[in-house]
Structure formats: C-alpha cells, structure tokens
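Written below as structure tokens is the structure these notes are about.
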Amino acid sequence: MPDSPSMLSIVAAVLYGFVVAACLAAAAQSHAHHQQPWHAKTWGVIALLFAALIVSRLLNIEEIVRADLRDWLRTEDMLDGRRVWQRWLIAGAIFIVASAGLFAAYRIIGRVTGRRNISVAIAAGCSGIMLCVIALRLISLHAMDRLLYGPLKLNWVGDIGTSAAIIVVAAYYVWVIRQPRRTSPRQERR
C-alpha cells in the first residue's frame, strides 16, 4: 500500500475540489439571494462531504480501511470464506441504500417543485449515490470488483458522474437564482 496518493487519487481530489467550490458558490448565492434556508445548508453539507473525500483521497484513508479489513479477515481466518458473507453484506447494503433512495424520492417528488428546489434535491441525491459507491468499494474485496473496476467501470461512472452532476446542478442553480424574476401573465394583467 503506497504512502502517497496515486495519480488517480490526486485527479479525483482535484475534481472534488471543483465540487466543493461549486457547492460553496451555490450556498453563497443562495444566502445572498435569500433563498430557502435548506438550500444553503444542503449545499454546505455537500461541500463538507466532498472536502472530507478530498482528505480521504490524499491520505489514502479508503485504501487503509480496505487493507485493515483484509488484515482483520486474515487474522479471524475469514478471508477464504468471505464470498459467502460478502454477498449478504453487499446485498444488504444495496437493499438499504435502494430503500433509502426510493423512500427519499417518494417523499421529495411530491413536495419539491421549482427549478431551484429540484437542483438542490438532485445534488443531494448525487451525494447519496457517491456514498453508496464508496460503501461498495469498501465492502468489496473481490465479489463486486468485476462490476466496479471491470469493463463497465461503474466505480468511475459513479464517482466522476456524480461529481460532474453536482457541479452542473450547482452551476445551474446559481444561474437560475441570478436570473431576473419574470412576472407571470396574471401579474401583468393586474
């Protein structure tokens, strides 16, 4: 296990830095334009999450946790039989995350309207997907490796895709709240 981060980890940390900057810009604009308080709070929490991911990438925390888990499995003589319990652990993690995602989507879909609210909700959902990808990388010692790192590169799709999506919706959010308010046809008739 290398002490210094790999080039891919450095590139990921830089990408996460752009996410942090985009989220902080969205939070600042939300506050400056007197948007709903939960907007700025959500952007701030996402920025904190990605700041933690920067630290994790630069200090190889994910690799250290994965190596410690392997060492623990070796000392407990569970490494050879890991595929049996690992399948259940991965299935349980996917079930919990999918259930939480569906519940959140059910709660949000009917209540969230408007471009700004939807942008914040999408960014929060992307953050949840990022956490799921990280959890699957930590749990996976072999069984999920073919999906995460194989020809489909779901690890990259999840990691880069969610990061890019958050940057895009944060930029869109800033653009939307900076637009001059348009009067509706009803207001013009008055």
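The values are calculated or read from the model by the stated rules, or taken from the named source; none is laboratory data. As the structure is a computational prediction, the values presented were derived from the model and not from experiment. Heads up: the accessible areas ignore ligands, DNA and RNA and are worked out on the full protein's heavy atoms, side chains in. Shrake-Rupley method; radii C 1.70, N 1.55, O 1.52, S 1.80 Å.
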**Request:** Per residue of region 46-57, in order, report the coupling 6.51 cos²θ - 1.76 cosθ + 1.60 (Karplus, θ = phi - 60°) as ³J(HN,Hα) in whole Hz, putting x for Gly and Pro.
**Result:** 5, 4, 5, 4, 6, 5, 5, 5, 4, 4, 4, 5
**Probe 1.4 Å - accessible area at ASP68, Å² to nearest ten** = 90
**Prompt:** Tell me, what ³J(HN,Hα) does each residue in region 96-108 have, in order and in whole Hz, if you take phi through Karplus 6.51 cos²θ - 1.76 cosθ + 1.60 with θ = phi - 60° and put x for Gly and Pro?
**Reply:** 5, 5, 5, 4, 4, x, 5, 4, 5, 4, 4, 5, 7
